[in-house]
Amino acid sequence: MPTGVYAYITMDGTGKEAIDFYKNALEAKVSGVQTFGELPENPEFALPVEAKDRILHAQIQVGNTYFMLSDTFPGQPFDTGSQVNVCVTLEDAVKSKDVFDKLKTGGKVLMPLQETHWSLSYGQVQDKFGITWQISTNLEECM
């Protein structure tokens, strides 16, 4: 996925249905889908059965633009109407940290910046205006 700013839509277990809906309604192309069940196994955290088919991450293209989509993890809070936030993808982990640190000023960290299997540096922060931002460093760009 190119470096940029993208809308990120969160669903509550209806991710697969939403992807099909947007494919039809927007003539969208799905460029990648991963479920929670496809995550590498973690012996310290057993994945609940009800989580396995939920969408961990999907990339969807409409024309020349992209958006991303995922399901909540079972049991996470979900407020209808607030399920869209903003994802910023960058090519440099140092730049990701800088952006993250600036956005957290006056706000709060929802998920500390950390390495994941999909990003060298990923975290979530709510800024002082209540907007949730996902900051991610493109893994393939950094190798």
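Please list, ordered by first then second residue, the pairs with beta carbon atoms under 9 Å, 6 or more apart or interchain, first in the stretch 123-143 and modelled with pLDDT under 85, second open to solvent by less than 20 Å² (accessible area, probe 1.4 Å) and not hydrophobic (A, V, I, L, M, F, W, C).
Cβ pairs passing all conditions: Asn138/Thr89; Asn138/Ser119; Leu139/Ser119; Glu141/Thr89; Cys142/Ser119; Cys142/Ser121.
Of all residues in the stretch 104-137, how many are touching a strand residue (DSSP E or B) at 6+ places or on another chain (Cβ under 8 Å) and farther than 18 Å from Leu39 by Cα?
The qualifying residues number 18.
For the stretch 91-117, name all the residues that are touching a helix residue (DSSP H, G or I) at 6+ places or on another chain (Cβ under 6 Å) and either modelled with pLDDT under 90 or basic (Lys, Arg) (or both).
Answer for the stretch 91-117, where residues must be touching a helix residue (DSSP H, G or I) at 6+ places or on another chain (Cβ under 6 Å) and either modelled with pLDDT under 90 or basic (Lys, Arg) (or both): just Glu91.
So which of Gln59, Gln83 is farther than 19 Å from Leu110 by Cβ, within 14 Å of the chain's Cα centre (by Cα) and surrounded by 16 or more Cβ atoms within 10 Å (Cβ to Cβ)?
After applying the criteria, what remains is Gln59.
I want to confirm something. Restricting to the stretch 5-33 and keeping residues that are polar (S, T, N, Q) and free of Cβ contacts under 8 Å to residues at least 40 places away in the same chain, which single residue is least open to solvent (accessible area, probe 1.4 Å)?
Filtering first and then ranking leaves Ser31.
Return yes or no: is Gln83 at pLDDT below 90 and within 29 Å of Gly130 (Cβ to Cβ)?
Taking the combined requirement at face value, the residue satisfies it.
Can you tell me which residue within the stretch 95-143, out of those that are of a type in the set (A, V, I, L, M, F, W, C), surrounded by 15 or more Cβ atoms within 10 Å (Cβ to Cβ) and not in a strand (DSSP E or B), is nearest to the chain's Cα centre (by Cα)?
Only one residue fits best here, namely Trp118.
Hey, does the stretch 36-51 have a residue that's closer than 17 Å to Asp12 by Cβ, of a type outside the set (Lys, Arg), touching a strand residue (DSSP E or B) at 6+ places or on another chain (Cβ under 7 Å) and surrounded by 14 or more Cβ atoms within 10 Å (Cβ to Cβ)?
Yes, some residue in the stretch 36-51 is closer than 17 Å to Asp12 by Cβ, of a type outside the set (Lys, Arg), touching a strand residue (DSSP E or B) at 6+ places or on another chain (Cβ under 7 Å) and surrounded by 14 or more Cβ atoms within 10 Å (Cβ to Cβ).
The values are calculated or read from the model by the stated rules, or taken from the named source; none is laboratory data. What you see is a predicted model; the values in this text were computed from it and never measured. Positions of Cβ are backbone-derived with ideal geometry, glycine not excepted, and every protein chain shown enters the neighbour counts. Only protein heavy atoms, including side chains, enter the accessible area calculation; ligands, DNA and RNA are left aside. Shrake-Rupley method; radii C 1.70, N 1.55, O 1.52, S 1.80 Å.
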